[in-house]
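**Q** Below is the structure I would like to discuss, written out as structure tokens.
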Amino acid sequence: MAGKLISTKANFGTAPVFLTALSTILGAILFLRFGWAVGQVGFLGVIGIIILGHLITIPAAMAVAEIATNQKVQGGGAYYIISRSFGLNIGAAIGIALYLSQAISVAFYVIAFGEAFEPVIDYIKEAYAIDIYDRRVITLPTMALLSFLILTRGANMGMKALYVVVTILLTSIAFFFMGHSDISPVEINFNAHISEPKDFFYVFTIIFPAFTGLAAGLGLSGDLKDPKKSIPRGTLWATIVGMVVYIFAAYKFSVSATPEALADDQLIMSRIAIWGPIIPVGLAAATLSSALGSIMVAPRTLQAIGVDDIFPKKGFNKWLAKGKPGSNEPVNASIISVIIAFFFVVIGDVNMVAQVISMFFVVTYGAICLISLLEHFAADPAYRPTFRSRWYLSAIGAFFSFWLMFKMNAPYATASLIIMGIIYQVISKYSKDKRGLNKLFRGVVFQMSQFLQVFAQRADKEDREVSWRPFAICISHDTFKRRSAFDMLRWISYKYGFGTYIHFIKGLLNEETSLESKQSLKRLINLAGHSKNRVYLDTIISPSYTSAIAQVVQLSGISGKGNNMILFEFSRSKPESLNDAINNYKLINSAGFDICVLNTSYKSFGYKQEIHIWISTDDYENANLMILLGYIILGHPDWKKGFIKIFALYPENELEQKRDELISLIKSGRIPISTSNVEMIPIVENQNKKQVIEKHSVDADLSLIGFRSETLEEGMELFSGYGDMGNILFVSSNQEKEID
């Protein structure tokens, strides 16, 4: 496919890129509308337009130079660069819009070419009394001749003609600068303009096509001997030279004619030039050269789109991609381009066509700048351009491109984005394998993640102690048997904390276990993708569960600030797996971790409504942590209808005091627990605590019960004996948490 985008006779150097771009920049707008613009907004206003336009084009030229020196640039110009960086789907959406603007540009320049004959038309009217009021008498035959030449002779003919017309163009501009006018203003006022000027951004929209030569030069990429060298040099020099010429032209207009004269006479340059007749000739040369440039570029963009099989019909793609044997001239794509150009030539409105192409070109330049910006932040090792722009230049170009779209014409801007969105959706539907954008954004996210992790690690450690949040980790070998532990972790980490779920694989690290690890992680990511979670997933290979825990508790964690909580899980029907937690309690406690043990039952988490928190005299360290965990779990959408009930077991003579303390704690901590949901239960001598809990919480969807390290000597008995209750989360806090 790649070879189809390169001409077998690709022998153009930097000069064609420079001249194609420059002839477009110093084209119809300079001769027909630039004096009008000076009359409308004054010299200072036009300088503002030039600066504003080049806040887009210079960053875009720099970005193009950078991207072009990073990859093998083939046919298709700007489309090829965008699609190979942004991905074919979004590249095609922008590329089709770009192609349409290039094809319509042909019509724009041909219409402008017809305006060059105004002196001839006036002469015929005066001498022979023949009024040629419809310029299409000139433009339609011109379009036909241009189409015939490009379809039969191709780009080589176009380049030969380009050298001739550029010479005429530069000569006429030189005559303009050497001229002296008899309509000069009495007093030079660089802020002078007509009494009722057009809106600044309307004038900008009409003038902007003068700055679109960048895309014209890019379109020859498939015909260049060395695109990496020719594209940066040609586009940058054309942009700079064009900007300088326009600044001097603005000054020349301001000192040579009054604002009224500039606004009323579209060929005012002929009244200023040292020899007036050269200006219509130069305009004809400028518009003809620009039309030639556009009609060479547009078919190559469409051909590249066809080569990439963008359109749903494979046969149509193949037809577009087909080129002439030997030269690969895009004959079929040229036919389509000629038809589009003819349609807009028939319309014949220069200003309307200028607005359309301005909008699509601004979108293209904005996309190029955005690509360059993202590439800077993605820090992809494969992105190694030999020419380097600056990220802030690309940011400026992208911002002003999209901002100016809506300032120029909000309905056109909205319509452009909607059209491109529809194109993107259609292409994505029929070509699901065309990806690329996700890779670029993954690089950006990676860099952001790296920065945030380092920042979090170096941030003030006291902040973590003052404002506690869970940094939880779970290690399980029952990952694909039960989801309860993963569910608990995703609830804890969804809004207020960080969660890391690690699938444990017992064994030594070797090729077999490494493959199993990769397959398990892929499977785990797939399963997790079907639920609302923000859990980081991983696997660990270790000879024993104890060694796995020893490794994991030393990890800094996804948060960059280390973990502070570990979650174990065991099934009520198979309590032997609880030994993992009991046997490793001292190891974990020595690392300063809070410990949670989830006991899952056949009821699971029920309807995810009622959370019961049990507090007793032994829970002075655990109470606050359990309340915080209950509140954190309710932050997940799965528990949006949930509520918390607190049950407190204290001696009867302490009930009133403890109730007041609990309610005060809830209010001061702004915990959403109703005072009616705080129930005090007196401790009765020889009372079975587990039976009391089961009686009140048998229908709870989740119960939180505290335990202390001293009671672990009871072994599995400590966590059993709760009958038909739902899932229970046993909580042991390493130290008392503050609820502020």
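**Q** Specify the residue that is farthest from residue 32 (Cα to Cα); the eligible residues are those in region 339-361 that are crowded, with 17+ Cβ neighbours inside 10 Å and among the β-branched types (Val, Ile, Thr). Lay out the reasoning, then the answer.
**A** In the first step, residues of region 339-361 are kept if they are crowded, with 17+ Cβ neighbours inside 10 Å; the result is 340-342, 344-345, 348, 350, 353-361.
After this cut, where a residue has to be among the β-branched types (Val, Ile, Thr) as well, the list is 340, 345, 350, 353, 356-357.
On the way: 340: 23, 345: 17, 350: 10, 353: 14, 356: 18, 357: 17 Å.
Result: 340.
**Q** Being at pLDDT 90 or above, of a type in the set (Gly, Ala, Ser) and either within 32 Å of the chain's Cα centre (by Cα) or surrounded by fewer than 24 Cβ atoms within 10 Å (Cβ to Cβ) (or both) is the filter here; which residues of region 20-52 pass it?
**A** Within region 20-52, 42, 45, 48 qualify.
**Q** Further question: Among 278, 247, 272, which is of a type in the set (A, V, I, L, M) and more than 27 Å from residue 120 (Cα to Cα)? Steps first, answer last, please.
**A** Details: 278 fails: more than 27 Å from residue 120 (Cα to Cα); 272 fails: more than 27 Å from residue 120 (Cα to Cα).
Result of the check over 278, 247, 272: 247.
**Q** Further question on the same structure: Which one is farthest from residue 22 (Cα to Cα) among residues in region 255-292 that are in contact with a Ser or Thr (Cβ under 6 Å, 6 or more places away or on another chain) and polar (S, T, N, Q)?
**A** 256
**Q** With respect to residue 374, determine if the residue is surrounded by fewer than 23 Cβ atoms within 10 Å (Cβ to Cβ), in contact with a Phe, Trp or Tyr (Cβ under 8 Å, 6 or more places away or on another chain) and over 19 Å from residue 304 (Cβ atoms).
**A** Against the criterion (surrounded by fewer than 23 Cβ atoms within 10 Å (Cβ to Cβ), in contact with a Phe, Trp or Tyr (Cβ under 8 Å, 6 or more places away or on another chain) and over 19 Å from residue 304 (Cβ atoms)), residue 374 qualifies.
**Q** Test of understanding: among 668, 674, 697, which residue is surrounded by 16 or more Cβ atoms within 10 Å (Cβ to Cβ), under 23 Å from residue 632 (Cα atoms) and polar (S, T, N, Q)?
**A** Unique residue meeting the criteria: 697.
**Q** Tell me, yes or no, whether region 635-651 has at least one residue that is hydrophobic (A, V, I, L, M, F, W, C), closer than 14 Å to residue 488 by Cα, in a helix (DSSP H, G or I) and assigned by TED's automatic domain parsing to the domain that holds residue 719. Steps first, please.
**A** So in region 635-651, the residues hydrophobic (A, V, I, L, M, F, W, C) come out as 639, 643-644, 646-649.
Now drop any that are not closer than 14 Å to residue 488 by Cα, which leaves 639.
Cutting the leftovers down to in a helix (DSSP H, G or I) gives us 639.
Applying the additional criterion that residues be assigned by TED's automatic domain parsing to the domain that holds residue 719 yields 639.
Within region 635-651, one or more residues are hydrophobic (A, V, I, L, M, F, W, C), closer than 14 Å to residue 488 by Cα, in a helix (DSSP H, G or I) and assigned by TED's automatic domain parsing to the domain that holds residue 719.
**Q** What helices (runs of 4 or more DSSP H) completely inside region 482-589 contain at least 1 residues that are among the charged types (D, E, K, R)?
**A** It comes to 484-493, 511-528, 579-583.
**Q** When you scan region 147-159, do you find a residue that is modelled with pLDDT under 85 and either of a type in the set (Phe, Trp, Tyr) or within 21 Å of residue 267 (Cβ to Cβ) (or both), even just one?
**A** The answer is yes, given that some residue of region 147-159 is modelled with pLDDT under 85 and either of a type in the set (Phe, Trp, Tyr) or within 21 Å of residue 267 (Cβ to Cβ) (or both).
**Q** May I pose another question? Out of (1) at pLDDT 80 or above; (2) surrounded by fewer than 23 Cβ atoms within 10 Å (Cβ to Cβ); (3) assigned to a loop (DSSP other than H, G, I, E, B), the odd one out for residue 336 is which?
**A** (3)
**Q** Which condition from (1) in contact with a Ser or Thr (Cβ under 9 Å, 6 or more places away or on another chain); (2) part of a helix (DSSP H, G or I); (3) touching a residue at least 60 places away in the same chain (Cβ under 8 Å) is the one that residue 663 breaks?
**A** Going through (1) in contact with a Ser or Thr (Cβ under 9 Å, 6 or more places away or on another chain); (2) part of a helix (DSSP H, G or I); (3) touching a residue at least 60 places away in the same chain (Cβ under 8 Å) one by one, residue 663 breaks only (3).
**Q** Ok, one more. Of all the residues that make up region 312-330, how many are out of contact with any Ser or Thr (no Cβ under 9 Å at 6 or more places or on another chain), touching a residue at least 40 places away in the same chain (Cβ under 8 Å) and of a type outside the set (D, E, K, R)?
**A** Total satisfying the criteria: 1.
**Q** Do we find that residue 608 is touching a His at 6+ places or on another chain (Cβ under 7 Å), buried (at least 16 other Cβ atoms within 10 Å of the Cβ) and not in a helix (DSSP H, G or I) in this structure?
**A** Judged against the criteria, residue 608 is not a match.
**Q** Let me ask something additional. Which one of these does residue 274 not meet: (1) buried (at least 17 other Cβ atoms within 10 Å of the Cβ); (2) more than 20 Å from residue 138 (Cβ to Cβ); (3) at pLDDT 85 or above?
**A** Only one criterion in (1) buried (at least 17 other Cβ atoms within 10 Å of the Cβ); (2) more than 20 Å from residue 138 (Cβ to Cβ); (3) at pLDDT 85 or above is unmet by residue 274, namely (1).
Every residue, every condition in (1) closer than 28 Å to residue 43 by Cβ; (2) in a helix (DSSP H, G or I), yes or no:
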residue: 262; (1), (2): yes, yes
residue: 267; (1), (2): yes, no
residue: 270; (1), (2): yes, yes
residue: 279; (1), (2): yes, yes
residue: 292; (1), (2): no, yes
residue: 304; (1), (2): no, yes
residue: 318; (1), (2): no, yes
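**Q** Does residue 681 fit the bill of being buried (at least 19 other Cβ atoms within 10 Å of the Cβ), touching a helix residue (DSSP H, G or I) at 6+ places or on another chain (Cβ under 9 Å), without any contact (Cβ under 8 Å) to a residue 40 or more places away in the chain and among the β-branched types (Val, Ile, Thr)?
**A** yes
The values are calculated or read from the model by the stated rules, or taken from the named source; none is laboratory data. No experiment lies behind these values; they were computed from the predicted model shown. As a convention, Cβ positions derive from the backbone with ideal geometry for all residues, glycine included, and neighbour counts pool all protein chains shown.
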